[in-house]
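Notes for the one structure printed next.
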Number of protein chains: 2
Amino acid sequence: MTPDRSDVEGGSSSKRIAILGAGSIGLYYGARLALAGNRVRFLVRSDRDAIETRGIVLREGGKVETVFPANAFSSAEEVGPVDLVFVTLKTTANFELPRLLKPLLHAQTAVVTLQNGLGNEDFLATLVPPENVLGGLCFIASMRTAPGEVTCFQRGSVTLGERAAAAGDRTRAIGALFEQAGIPCRVVDRLDDARWRKLIWNIPFNGLSIAAGGIPTDAICANPALVAEVRALMSEVLTAAAALGYVIPEEFAQKQFEVTPGMGAYQPSSLVDFLAKRPVEVDPIWGEPLRRAHAAGAKVPRMEMLYALLKQLVGETRA
Amino acid sequence: MTPDRSDVEGGSSSKRIAILGAGSIGLYYGARLALAGNRVRFLVRSDRDAIETRGIVLREGGKVETVFPANAFSSAEEVGPVDLVFVTLKTTANFELPRLLKPLLHAQTAVVTLQNGLGNEDFLATLVPPENVLGGLCFIASMRTAPGEVTCFQRGSVTLGERAAAAGDRTRAIGALFEQAGIPCRVVDRLDDARWRKLIWNIPFNGLSIAAGGIPTDAICANPALVAEVRALMSEVLTAAAALGYVIPEEFAQKQFEVTPGMGAYQPSSLVDFLAKRPVEVDPIWGEPLRRAHAAGAKVPRMEMLYALLKQLVGETRA
């Protein structure tokens with residue numbers, strides 16, 4: 001007999017958490033939070049049956065842990081109102097958020113996007129009270145290895161911040177949830193500063209890996225002309241960030257560049273999506289940064305060309 | 001019985017002409033010059049047997065004309081010294097020129113490159129006396145439709161000039177050869193000015209057609225972000241040309257842009273080569289213009305990125 005769902009959730013004093021999306025990020029953090037005793041509900045699609053049957057399987061460091069039974073639902077209405085939502089959908093599915101979020105909200109529900117790139121917090125702020133929106137950056141190497149199953153190669157850390165405010169008690173409380181679940185979490189006052197720092201690597205490497213023909217990072221690093229483009233793109237990202245008030249030292253970009261050869265034949269996530277003919281997150285990684293750069297008056301010709309090529313290459317040919 | 005080769009050439013007072021390369025350009029102009037009564041010798045490779053059997057077949061405007069017998073040879077030594085050489089090889093075969101040209105030369109042999117892009121005249125000037133080098137631009141729509149057979153869709157014209165001097169008697173005499181063969185020929189004092197004008201179209205459209213995923217020009221014109229890149233690249237080419245002393249009016253670029261939608265689903269020659277997995281002429285169309293732009297201190301970030309991407313996409317990954 002399946003225990004009643006309320007039995008398998010944590011104590012009633014703990015926050016109710018919903019995970020929106022069952023990719024590797026949603027499965028991993030959701031499972032870690034559940035294993036740490038939180039009341040976690042997963043809104044999933046195709047993984048529903050697998051999770052119903054064998055729970056969520058988490059492979060990490062040679063160990064296998066299972067969340068069973070896991071609270072997986074296939075409609076937002078079944079999940080119902082929660083205190084905290086982690087949005088882990090691909091951004092290319094953001095058009096579904098208005099419909100999916102509504103049933104999960106009460107007046108104080110905090111919504112944290114763990115999605116890539118820029119603009120996701122602002123989009124959420126059009127759907128929920130703006131002051132309830134937070135964002136996080138996931139530094140993790142993980143992969144969804146089967147329905148309901150995630151394999152984590154490198155746990156890394158999360159960087160967490162409010163959409164448009166310094167960190168406060170709520171931010172630190174959510175950070176503590178991660179920490180209690182074994183995930184190092186850095187709470188920051190300026191989330192977008194952290195997002196721009198991540199883009200210093202993502203814009204050139206994710207972009208050129210697709211535009212240069214679907215090649216991993218070691219092939220980029222082996223071509224001096226492409227290496228020059230990586231550096232020039234990094235420089236444009238620094239320029240754009242600075243124009244927006246995020247002053248990131250040159251040495252940070254240099255470091256980002258230097259760690260890359262050691263990553264071997266790494267396929268950036270965008271390249272993995274591209275090669276699998278899945279939607280690529282062009283807008284948050286290249287489109288929105290470009291729009292913000294333009295708004296700040298920064299000259300970023302390479303970012304413009306890369307964005308135009310990527311839109312065509314992934315099949316988004318409209319303006 | 002095959003007539004002796006000397007019988008099928010023109011009168012002994014006319015110039016001896018060699019055509020180096022039997023692509024569509026070499027076949028077409030060579031055949032036109034031969035049909036006009038000139039002594040033309042073709043240095044060919046794989047087309048030798050076809051030409052031996054049925055001559056050179058020229059299809060144009062619903063008519064079929066044949067040069068038979070045609071003087072086709074498979075080694076430069078057999079061709080021997082001539083007065084005028086037209087180089088119509090793909091530039092990607094330029095490394096063969098030292099070997100191929102030597103047997104064709106006497107002290108006054110004029111060598112005219114009809115190849116694409118920049119740098120071919122300068123390369124020839126390292127192989128023959130620099131003052132004997134000329135160049136021509138071919139505005140023609142033609143296709144090699146079988147071995148030894150060329151189909152011409154639009155005869156267009158040739159623009160002809162000395163490598164590094166104003167037009168003189170020799171230039172006009174060669175121009176007259178074209179005109180007598182029915183090919184309009186414009187003789188110019190500044191060849192590179194004409195070459196830069198051609199690059200205003202070739203650099204963006206040939207380049208983006210490959211870099212944006214192997215698409216014809218109508219697909220470029222249908223994507224506003226790519227159209228913006230075309231315009232920005234044209235602007236960079238104008239800037240580079242101006243820095244080198246070739247002042248091309250903005251309206252010329254605008255005109256080049258405007259004629260493109262009317263070309264329909266046109267595949268630029270570089271794209272045709274790319275899709276057929278043949279070598280692409282990256283260096284004369286993007287590499288050498290970029291080097292000259294840099295030498296003149298012009299800022300051309302888009303040309304840089306496009307060149308880097310193209311080198312990777314066509315498999316030239318070295319610096």
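Before moving on, here are some points about what is shown:
- Yes/no for residue A:167 being closer than 30 Å to residue A:263 by Cα and not basic (Lys, Arg): no
- Counting only strands (runs of 3 or more DSSP E) that fall entirely inside the stretch B:54-127 and contain at least 3 residues that are buried (at least 23 other Cβ atoms within 10 Å of the Cβ) and either at pLDDT 95 or above or within 22 Å of the chain's Cα centre (by Cα) (or both), the qualifying elements are B:84-87, B:110-113.
- The number of residues in the stretch B:231-272 that are touching a residue at least 60 places away in the same chain (Cβ under 8 Å) and either open to solvent by less than 50 Å² (accessible area, probe 1.4 Å) or of a type in the set (Gly, Ala, Ser) (or both) comes to 9.
- When the criteria are applied in full, residue A:228 fails the requirement of being touching a residue at least 40 places away in the same chain (Cβ under 8 Å), in a helix (DSSP H, G or I), within 13 Å of chain B (Cβ to nearest Cβ) and open to solvent by 20 Å² or more (accessible area, probe 1.4 Å).
- Condition met for residue B:193 (touching a residue at least 40 places away in the same chain (Cβ under 8 Å), more than 14 Å from chain A (Cβ to nearest Cβ) and open to solvent by 20 Å² or more (accessible area, probe 1.4 Å)): yes
- Of all residues in the stretch B:128-144 being open to solvent by less than 30 Å² (accessible area, probe 1.4 Å) and not in a strand (DSSP E or B), the one that is nearest to residue B:96 (Cα to Cα): B:128
- Scope the stretch A:300-309; condition open to solvent by 20 Å² or more (accessible area, probe 1.4 Å) and more than 23 Å from the chain's Cα centre (by Cα); matching residues: A:301, A:302, A:304
- Members of the stretch B:213-225 that are over 28 Å from residue B:296 (Cβ atoms) and within 9 Å of another protein chain (Cβ to nearest Cβ): B:213, B:215, B:219, B:222, B:223, B:224, B:225
- Residue count for the stretch A:199-231 satisfying the condition of being over 16 Å from residue B:310 (Cβ atoms) and over 22 Å from the mean Cα position of the chain (by Cα): 5.
- Checklist (1) more than 9 Å from every other protein chain (Cβ to nearest Cβ); (2) in contact (Cβ under 8 Å) with a residue 40 or more places away in the chain; (3) crowded, with 19+ Cβ neighbours inside 10 Å; (4) over 21 Å from residue B:115 (Cα atoms) applied to residue B:297, failing item: (3)
- Residue within the stretch B:274-292 that is away from chain A (no Cβ under 12 Å), open to solvent by 50 Å² or more (accessible area, probe 1.4 Å) and on the phi > 0 side of the Ramachandran plot present: yes
The values are calculated or read from the model by the stated rules, or taken from the named source; none is laboratory data. All figures in this text were calculated on a predicted structure; none of them were measured in a lab. Heads up, the Cβs are rebuilt from the backbone with ideal geometry, glycines too, and the neighbour counts pull from every protein chain shown. Heavy atoms of the whole protein, side chains included, go into the accessibility calculation; ligands, DNA and RNA do not. Shrake-Rupley method; radii C 1.70, N 1.55, O 1.52, S 1.80 Å.
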